[in-house]
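Here is the structure we will look at.
Since every read-out is calculated from the coordinates, none of them should be taken as a lab result. What you are looking at is a predicted structure, and each value in this text was computed from that prediction instead of being measured. Reconstructed Cβ throughout: ideal geometry from the backbone, glycine too, with neighbour counts over all protein chains shown.
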Amino acid sequence: MTRPDATRTDAWSSDQTGVTKSAESADPRRWWGLVVIALAQLMVVLDATIVNIALPSAQQDLGITDGNRQWVITAYTLAFGGLLLLGGRIADLVGRKRTFVIGLVGFAAASALGGAATGSGMLFAARALQGVFAALLAPSALSLLTTTFTDPKERGKAFGIYGALAGSGSAIGFIVGGLLTEYLDWRWCLYVNVPIAVAAVFGALALLHDRPGHAGARLDVPGVLLGCGGLVAIVYGFSEAQPRGWSDALVLTLIAGGVVLLAAFVWWQSRAPMPLLPLHIVKDRNRAGCFLTMGLAVIGMFGLFLFMTYYLQVVLAYSPVRTGLAFLPMTAAIIVGSTQISARLMNRVPPRMLMAPGMVLAASGMLILTQMTVDSSYATEILPALLLMGLGMGLTFMPVFSTATAGVAPHDSGVTSATINTSQQVGGSIGTALLNTIATTSSTAYVTAHLTDPSQKALIVSEGVVHGYTVAIWWAVGIMLLAGLVAGLMVTAKPPKQGAPAQAPVPESVV
């Protein structure tokens with residue numbers, strides 16, 4: 001009896017050292033592969049915001065109306081958020097590396113088309129096309145990361161870098177957008193993706209490895225129509241709530257219709273032979289908690305980006321470059337929080353011990369911003385808030401990505417990755433529409449109540465705008481705290497043990 005046990009122990013020990021050795025010998029260029037994956041992810045994330053600062057110039061150049069200018073942003077987030085599940089499943093079926101490369105090529109082509117736009121319709125179409133290929137690219141990138149890094153210690157570092165880019169990419173978009181708009185032309189906010197994508201394609205072909213997809217499997221077409229249709233309807237409904245109002249018949253119909261379609265989607269997924277989103281993925285308590293935490297966190301973060309951009313440019317009269325640079329400390333804080341704090345603690349403490357405090361820290365930063373006035377000082381009032389927000393997001397994003405993708409079967413890693421990205425994009429779209437509508441309504445009410453002297457109109461309007469921002473930021477504080485509560489109560493995973501066997505995807509991906 002002793003001999004078999006000893007044999008099992010020896011085999012177990014051999015397995016453990018084999019995991020680490022295989023990670024080092026089978027893919028010695030995996031860190032260069034991370035550079036390629038990170039480059040592609042950064043391009044996708046920052047493209048959600050890089051055109052924000054360029055929007056006034058593009059609007060004037062192409063003659064876009066005030067009512068339609070939102071589509072430069074919404075066309076991208078609609079296509080991206082609505083089609084991510086489909087993109088994730090395609091990655092599982094035809095191979096992650098193949099969809100990664102196709103996504104890069106398509107994204108570059110769509111970016112070039114948008115940069116060359118001669119009218120508003122052409123720009124809107126190009127932005128939607130960018131979203132389509134981003135929906136193919138993003139889940140493939142996260143799946144490749146999940147299956148490339150198998151040692152728990154290395155996995156923590158890799159996800160720290162990935163989480164930093166996911167959290168800071170939007171802020172980086174503001175900086176790059178400001179520089180390109182001010183010193184070149186707004187079109188370069190789109191053209192800049194072409195050389196990045198070309199470099200990433202060559203890097204992917206040379207450095208990334210993946211098993212072929214499941215050629216015999218088929219897409220869940222009813223699931224695609226119900227799930228993607230429901231998401232698009234809800235995101236579209238929220239985007240239309242700003243110009244039309246929440247009580248508008250079209251807005252209510254879209255949101256209600258989206259909810260019905262998603263309910264039908266869940267019902268169908270429990271019966272479909274090859275479901276688009278296997279329900280066991282979201283039934284897992286830890287993954288469900290991560291998805292919810294991500295969605296709620298991004299609602300608050302996107303609201304911050306929207307309000308701070310307009311506050312800095314319109315109220316404080318910052319230039320596009322100065323506005324972009326104002327976000328730089330937040331970007332640095334996200335990177336520090338993710339790579340220097342989360343990545344170091346991930347293997348020592350449970351994920352919720354990073355996620356919940358991270359959300360409380362971010363909420364405290366937002367709380368400072370509720371005290372904004374028309375003449376707030378950046379150094380003493382805005383900067384501390386951005387630093388706290390950045391650190392909080394950095395603490396949260398890395399354990400969310402790592403925990404949600406841990407232990408997923410290889411054939412489900414693409415759709416799991418897509419679900420994380422979906423919660424991020426849908427949360428961003430909802431956050432922008434919801435908080436912007438709250439801000440606009442509060443501003444209008446404030447101006448109406450306080451405008452008694454016509455000679456003070458300019459000041460009252462400015463005060464009303466800032467009042468609207470602070471009211472919406474109070475809502476964002478509550479949403480951030482709710483995200484922290486969700487993380488603390490739902491995410492019960494323990495820290496991965498040093499030298500423990502790699503997660504389920506490893507045997508399929510290391511080869």
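Per-structure values
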item	result
Hull shadow area, averaged, the chain [alpha-carbon convex hull, nm²]	24.8
Share of alpha-carbon pairs per 10 Å distance bin for segment 182-316, given as whole %	9, 19, 29, 30, 11, 1
Electrostatic dipole magnitude of the chain [Cβ: Lys, Arg +1; Asp, Glu -1; Cα centre; debye, to 20]	1220
Projected label distance in nm at VAL35 and ASP61, using a 7 Å step from Cα toward the beta-carbon	3.1
Segment 318-457 pair-distance distribution - Cα-Cα, 5 Å bins, rounded %	2, 9, 12, 15, 18, 15, 11, 7, 5, 3, 2, 1, 0, 0
Relative exposure of LEU354, LEU459, LEU208, LEU482, judged by other C-beta atoms within 10 Å (fewest first)	LEU459, LEU482, LEU208, LEU354
Which of VAL408, VAL282 has the fewest Cβ neighbours within 10 Å, and the rest in rising order	VAL282, VAL408
Dipole of the chain, positive end: most advanced residue of LEU129, GLY203, THR403 [Cβ charges, Cα centre]	THR403
Per-residue Cβ neighbour rank within 10 angstrom, fewest leading, LYS97, LYS494, LYS153	LYS494, LYS153, LYS97
For segment 220-275, the spread of Cα positions along each principal axis, largest first, Å	41, 13, 9
Computed magnitude of the charge dipole of segment 177-315 (debye, nearest 20; Cβ of K, R +1, Cβ of D, E -1)	480
Axial C-alpha extent at least 27 Å, average Kyte-Doolittle at least 1.6 - helices from the chain (DSSP)	249-269
Ranked packing of 253-259, 445-451, 384-390, most packed first, by mean Cβ within 10 Å	384-390, 253-259, 445-451
Total formal charge among the other residues, if their Cβ is under 13 angstrom from that of GLY177, Lys/Arg +1 and Asp/Glu -1	-1
Cα-based Rg and Dmax for segment 312-370, where Dmax is the largest Cα-Cα distance (Å)	15.1, 46
Peptides 362-374, 287-299 ordered by average Cβ neighbours within 10 Å, highest first	287-299, 362-374
Residue-count net charge about LEU254 - beta-carbon cut-off 15 Å; Lys, Arg +1, Asp, Glu -1	-1
